[in-house]
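Quick notes on the structure that follows.
The values are calculated or read from the model by the stated rules, or taken from the named source; none is laboratory data. Bear in mind the structure is a predicted one, so any value in this text is a computation, not a measurement. Methodologically, a virtual Cβ is constructed for each residue, glycine included, from the backbone with ideal geometry; neighbour enumeration extends over all protein chains shown.
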Amino acid sequence: MTDTPIDTSVAHTARVWNYWLGGKDNYPVDREVGDRVRELLPQVVEVALGDRLFLRRAVTHMAREEGIRQFLDIGTGLPTADNTHEVAQACAPDARVVYVDNDPLVLAHARALLQGTEAGRTTFVGSDLRDTGTVLRAAAETLDLSRPVGLTLLGTMGHFEDFEDALGIVRTYMDALAPGSFLAVCDGVLAHLEEMTDARALEAMERWQEGVAQAYHMRTVEDFTRFFDGYELVEPGVVSVLRWRPEPAEVGEVRDLPQYCGLARKV
């Protein structure tokens, strides 16, 4: 799948998240960083689980309620349960999904993602999301970009230090998609950290920046909301991840986490 060697001497975002989600595709260096950050920020495992929960709920909504049959999942990460194609094709067996990631370990596991239904189709693009032209050309080999697409960018845009660059990349992708397409974004925000002292919050971020190859930048809620400027937000709008359409039995138990999400339609 790829000739790029996997560096096991430094932690990697996808592998640390895989560890927090209970996966086995990680190394001692990933578990060490994951444990350090979790000690300082106990909510981080809930954040990882909440991100995956939002993926399931948003993709289900797009496929079941909005009739979306094409999905572009950028920043795929390592396969776990409830991958985009599994959720989409459970609702619509003919749904097509294109995954995009440039991580060698993700590429090495791509075959696990390439198991669509008999009616649907699932493909993988090994490319950097910054190379929007390459990604879109490759996606167009599987998806009809003249028809609506569900674009997901989960836990991805926080890796951009320059927020305007992050906004520009999202806009480029959405500009290339047809009206009626959807944008789903989920990332860390500087909110709901009251349980922790400022010193512990700062140390948790420092541990991450020092130990993981890809730095991560949490945004204000106001900045995060700007990803959806010009699009029509789906209820309940931009909210903490566990508050996006919780099940009735969960409503009284939902708590806010420093991870926000939203789903919006291009009109």
When region 180-195 is checked residue by residue, the ones that are modelled with pLDDT under 75 and either closer than 30 Å to residue 145 by Cα or surrounded by fewer than 17 Cβ atoms within 10 Å (Cβ to Cβ) (or both) are 192, 194, 195
Of all residues in region 55-78, count the ones that are of a type in the set (Ser, Thr, Tyr) and under 13 Å from the mean Cα position of the chain (by Cα). 1
Condition set within 21 Å of residue 156 (Cβ to Cβ) and of a type in the set (A, V, I, L, M, F, W, C), scope region 16-41, selection surrounded by the fewest Cβ atoms within 10 Å (Cβ to Cβ): answer is 21
Residue count for region 142-177, restricted to those that are over 21 Å from residue 258 (Cα atoms), in contact (Cβ under 8 Å) with a residue 60 or more places away in the chain and not β-branched (Val, Ile, Thr): 9
Looking at (1) in contact (Cβ under 8 Å) with a residue 60 or more places away in the chain; (2) loosely packed, with under 14 Cβ neighbours inside 10 Å, find the lone condition where residue 229 falls short. (1)
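Every residue, every condition in (1) surrounded by fewer than 21 Cβ atoms within 10 Å (Cβ to Cβ); (2) aliphatic (A, V, I, L, M); (3) touching a Lys or Arg at 6+ places or on another chain (Cβ under 7 Å), yes or no:
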| position | (1), (2), (3) |
| --- | --- |
| 84 | no, no, no |
| 98 | no, yes, no |
| 143 | no, yes, yes |
| 154 | no, yes, no |
Among the residues of region 205-219, are any at pLDDT 80 or above, closer than 16 Å to residue 152 by Cα and crowded, with 16+ Cβ neighbours inside 10 Å? no
Could you list, ordered by first residue, the pairs with Cβ atoms under 9 Å in which the first is in region 56-71 and touching a residue at least 24 places away in the same chain (Cβ under 8 Å) and the second is of a type in the set (D, E, K, R) and part of a strand (DSSP E or B), at least 6 apart or interchain? 59/73; 66/265; 69/96; 70/96; 71/96
Helices (runs of 4 or more DSSP H) fully within region 1-70 counting 3 or more residues that are of a type in the set (Asp, Glu): 28-40
Residue 80 passes all but one of (1) touching a Leu at 6+ places or on another chain (Cβ under 9 Å); (2) polar (S, T, N, Q); (3) buried (at least 20 other Cβ atoms within 10 Å of the Cβ); which number fails? (3)
Scan region 79-101 and tell me whether some residue there is basic (Lys, Arg), within 23 Å of residue 244 (Cα to Cα) and more than 14 Å from the chain's Cα centre (by Cα). no
Against the conditions (1) under 18 Å from residue 219 (Cβ atoms); (2) touching a strand residue (DSSP E or B) at 6+ places or on another chain (Cβ under 7 Å), where does residue 171 fall short? Just the number, please. (2)
Quick check on region 147-159. Is at least one of its residues at pLDDT 95 or above and more than 17 Å from the chain's Cα centre (by Cα)? yes
